[in-house]
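The values are calculated or read from the model by the stated rules, or taken from the named source; none is laboratory data. Just so we're clear, the structure is a prediction, and the values are computed from it rather than from any experiment. All Cβ positions, glycine included, derive from the backbone under ideal geometry; neighbour counts span all protein chains shown. Keep in mind that these areas ignore ligands, DNA and RNA; they rest on the heavy atoms of the full protein, side chains included. Shrake-Rupley method; radii C 1.70, N 1.55, O 1.52, S 1.80 Å.
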Amino acid sequence: CAIPTRVGVHNILHVLGAVDTPLKAYPGETNDTEMHRGYAGPQLLHKDFNHSQLSAPIKGRVLWVNLREEPIVYVGDRPFVFRDLTRPYVNVELTGIESSKVELVERMLKVDILNEADQYDGQFMVHDEDKPGELVGIWETANDGTVKTIRDVYEDIAETENARVKFLRLPVTDEQSPELKDFDSLVTMLLPEIKDCCNGKDAEEGPLSMIFNCQMGRGRTTTGMVVCCLLIGQVNPEYYSALTEAHPTSKLYPADANRYANGDFSCIVQLRSLLSDGKSSKHNVDLILEACDRMQNLRTAVNVWKVQMESADTTEEARSRAHHHGVHYLQRYYNLIAFSSYLSEEYDTTTGKLNSTFVSWMEMRPELANIHDRAQLD
């Protein structure tokens, strides 16, 4: 998902059973009092979950992973990001920045906002769109109660409403593949939770829901979901059986589709030939991409950029942009397949741990990095 408002955070946690206080609504609006019935039963992580439990609001917990790289501060109910006023629609990229540094920047922004508000009778000016492409300034009340870092928001709701939520931050640059170390960070964050769920160790705490979000809930969010699902499939192989039944090969790779639509770009073919389980690793990634494609299917999105790049109707500027995005998408797809193979090779079913990090596994295979760096849309 995208970054929700503070009311939105509360309501999402309510629907997922992580907070017991009622749904909140804005003035003049109402909520569906039986929204809990729309909860997706977590059979993957909790095999004994019974849908009859949804006759009343469930009690569960949430692991919330924020993948947005840009510093975020809430002013009032809404989240705002730091932007260059001369380029307000362009993300401020901080590629490679650690989560602790992003959160430090957010705390400093909060202090700056409060200091500036002291000079303007407790008001701070934010910017928003009145109409698409039309930026306007808006004065908002700014004090300790209304100005919050994103971590403040989750810690406040955990403290004041006993919300059962764990907030994690992993900054990833928009429209790019996570760095190799980011895959390892996600493993550290997610694998223990997934193992406990699949082994029934957290039954008393209620079902676990995992939320991933970024700016629009498309690229980085979907990548986080795919990594999570690859870990679930490693711990619980039955997951792939269920996916194969839902997405048979004939539908996953239609007979009339060209090789690019099926993800068989030259670098992917080379990668598959070098991996001991290249074919199955790609197939597992493709199955999960299909299951997580509500916002974006990475494999087919690469081909969309290729088609746009090669179209005679595309301007040179658009052609350059399509090539740029297409290559980055392709490299992300490449890394996911390599990561899938890494999991199958390094996961120890006895200990439930990985024998090495993804970074070290890739370092032992420099040929994979070479192919990745030379990836093209061919």
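Here is a check on your reading of the model: is Val227 open to solvent by less than 20 Å² (accessible area, probe 1.4 Å) and at pLDDT 90 or above? Against the criterion (open to solvent by less than 20 Å² (accessible area, probe 1.4 Å) and at pLDDT 90 or above), Val227 qualifies.
Name the single residue that is surrounded by the fewest Cβ atoms within 10 Å (Cβ to Cβ) among those in the stretch 347-378 being of a type in the set (Val, Ile, Thr) and farther than 22 Å from Ser273 by Cβ.
Step by step, filter the stretch 347-378, then rank; the result is Thr350.
Output yes when any residue across the stretch 175-183 is in a strand (DSSP E or B) and among the aliphatic types (A, V, I, L, M), and no when none is. Checked the stretch 175-183: no residue is in a strand (DSSP E or B) and among the aliphatic types (A, V, I, L, M). Among the residues of the stretch 107-129, those identified as among the charged types (D, E, K, R) and either loosely packed, with under 10 Cβ neighbours inside 10 Å or under 12 Å from Pro88 (Cα atoms) (or both) are Asp121, Asp128, Glu129.
Out of everything in the stretch 239-264 that is open to solvent by 60 Å² or more (accessible area, probe 1.4 Å) and among the acidic types (Asp, Glu), what residue ends up being farthest from Ser281 (Cα to Cα)? Ranking the candidates gives Asp256 first.
So if I check each of Glu93, Glu103, which one is surrounded by 16 or more Cβ atoms within 10 Å (Cβ to Cβ), under 25 Å from the mean Cα position of the chain (by Cα) and on the phi < 0 side of the Ramachandran plot?
Glu103
Counting only helices (runs of 4 or more DSSP H) that sit completely within the stretch 216-277, those holding 2 or more residues that are without any contact (Cβ under 8 Å) to a residue 40 or more places away in the chain correspond to 238-246, 249-252, 266-274. Checking each residue in the stretch 214-224 for being of a type in the set (Gly, Ala, Ser) and surrounded by fewer than 24 Cβ atoms within 10 Å (Cβ to Cβ) picks out only Gly217. Among residues of the stretch 315-339 that are more than 11 Å from Cys267 (Cα to Cα), those with a beta-carbon under 8 Å from a residue that is among the basic types (Lys, Arg) and open to solvent by 60 Å² or more (accessible area, probe 1.4 Å) at least six positions away or on a different chain give the pairs Ile337/Arg272. Within the stretch 282-294, not a single residue is open to solvent by 50 Å² or more (accessible area, probe 1.4 Å), over 19 Å from the mean Cα position of the chain (by Cα) and modelled with pLDDT of 95 or more. Scanning the stretch 295-310 for residues that are surrounded by fewer than 21 Cβ atoms within 10 Å (Cβ to Cβ), assigned to a helix (DSSP H, G or I) and touching a Leu at 6+ places or on another chain (Cβ under 9 Å) yields Thr300, Trp305, Met309, Glu310.
Of the residues Gln270, Gln234, only one is modelled with pLDDT of 90 or more and under 15 Å from Phe339 (Cβ atoms); which?
Gln234
Looking at Gly200, is it assigned to a helix (DSSP H, G or I) and touching a residue at least 24 places away in the same chain (Cβ under 8 Å)? For Gly200, the condition - assigned to a helix (DSSP H, G or I) and touching a residue at least 24 places away in the same chain (Cβ under 8 Å) - is not met.
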